[in-house]
Amino acid sequence: MRTIDVVSLYPKDMNIYGDSGNVLTVRRRLELYGYAPRVHMVDQDDPWPEHVDVILGGGGQDAGQRKVIDDLHERADDLRAMAADGVPMLMICGMYQLFGEYFKTIDGDRMEGIGVLGAYTIGKPQRLIGNLVEHSDEFGDIIGYENHSGQTFLREDAEPLGYVKSLDGAGNNGSDDTEGARAHNVIGTYMHGSLLPKNPAVADFLIRRAVERRYGAFDTDEQTPEQRQTLEHLDRVIRSARHVAASRPR
């Protein structure tokens, strides 16, 4: 079977609000498409695996970011090169902030990011918290949960992941309706939940880009009828879950 190597980046320190569910979702959907996922947990000082096809990073508090930032900067050249080469990545909340230019905390500390995304973050006293629905031209409605005091602002040429739909949603900063950021095949977002179980369009984007980059094309020639039926059933359940989640008040 065709192997896809999935990196879970800093799972010990950057994994709150169920963000490990993103790893589980990518692994399961790869299996159901007929691929063989191989998950690598990469924490501080751990080596990169021989192959890296997709990278998933979760959220964390300021303390967690401080724990990983030195190691992140040691990997920065590799990460920037992989991003430019088209490796798909999903970075949630705290890792989203560190993939930007910098994060200035509410205490005045400044953590330099690695500059994959054209965004910077300023810590504010107000927390932006609650269920959120945003719209993306590529992915449709994206449903999740935000909880962050850092307010992120995109550079003029940066592309957001989507735009907040709900009138009381906050998104990146609560003022310009943007949420998240994109560059190459890298997605940064404040959406917890975890994000991918409720948003298969985003999960499949990451999967397709990973497969296409490694094998040239995404196909399901090795998908069994049972796997196809299971995936169809799963997507029906997801549609119901999305409907419920989108109707919840903040």
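Listing for the model above:
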{"read-out": "Pair list, Cβ under 9 Å, 6 or more apart: segment 229-250 residue surrounded by 11 or more Cβ atoms within 10 Å (Cβ to Cβ), other residue aromatic (Phe, Trp, Tyr) and modelled with pLDDT of 95 or more", "value": "Leu231/Tyr33"}
{"read-out": "Search result, residues across segment 29-46 that are under 18 Å from the mean Cα position of the chain (by Cα) and touching a residue at least 60 places away in the same chain (Cβ under 8 Å)", "value": "Arg29, Leu30"}
{"read-out": "Residue list for segment 76-125, restricted to those being surrounded by 23 or more Cβ atoms within 10 Å (Cβ to Cβ), out of contact with any Ser or Thr (no Cβ under 7 Å at 6 or more places or on another chain) and under 18 Å from Gly174 (Cα atoms)", "value": "Cys93, Gly94"}
{"read-out": "Close pairs (7 angstrom Cβ cut-off, 6 or more residues apart or separate chains): under 14 Å from Asp141 (Cα atoms) in segment 154-171, among the basic types (Lys, Arg) and modelled with pLDDT of 95 or more anywhere", "value": "Leu161/Arg182"}
{"read-out": "Filter result for Tyr145 (among the aromatic types (Phe, Trp, Tyr) and under 16 Å from the mean Cα position of the chain (by Cα))", "value": "yes"}
{"read-out": "Hey, Tyr190 over 30 Å from Tyr102 (Cα atoms) and among the aromatic types (Phe, Trp, Tyr) or not", "value": "no"}
{"read-out": "Matching strands (runs of 3 or more DSSP E) fully within segment 137-250 where at least 2 residues are of a type outside the set (A, V, I, L, M) and at pLDDT 95 or above", "value": "140-154, 162-164, 186-189"}
{"read-out": "Residue list for segment 105-122, restricted to those being out of contact with any Leu (no Cβ under 8 Å at 6 or more places or on another chain) and free of Cβ contacts under 8 Å to residues at least 60 places away in the same chain", "value": "Thr105, Ile106, Asp107, Gly108, Asp109, Arg110, Glu112, Gly115, Tyr120, Thr121, Ile122"}
{"read-out": "Pairs with Cβ under 9 Å, 6+ apart, first in segment 140-151 and touching a residue at least 12 places away in the same chain (Cβ under 8 Å), second basic (Lys, Arg) and surrounded by 22 or more Cβ atoms within 10 Å (Cβ to Cβ)", "value": "Ile142/Lys198; Ile143/Lys198; Gly144/Lys198"}
{"read-out": "Residue within segment 68-84 that is under 20 Å from Gln151 (Cα atoms) and assigned to a strand (DSSP E or B) present", "value": "no"}
{"read-out": "Tally of residues being of a type in the set (S, T, N, Q), assigned to a strand (DSSP E or B) and either at pLDDT below 95 or surrounded by 15 or more Cβ atoms within 10 Å (Cβ to Cβ) (or both) across segment 1-16", "value": "1"}
{"read-out": "Tally of residues being surrounded by fewer than 24 Cβ atoms within 10 Å (Cβ to Cβ), aromatic (Phe, Trp, Tyr) and within 17 Å of Met95 (Cα to Cα) across segment 152-193", "value": "1"}
{"read-out": "Residues being assigned to a helix (DSSP H, G or I) and hydrophobic (A, V, I, L, M, F, W, C) - total across segment 17-67", "value": "6"}
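The values are calculated or read from the model by the stated rules, or taken from the named source; none is laboratory data. Since the structure is predicted, the reported quantities are computational estimates derived from the model, not experimental observations. When we count neighbours, we look across all protein chains shown, and the Cβ atoms used for this are built from the backbone with ideal geometry, even at glycine.
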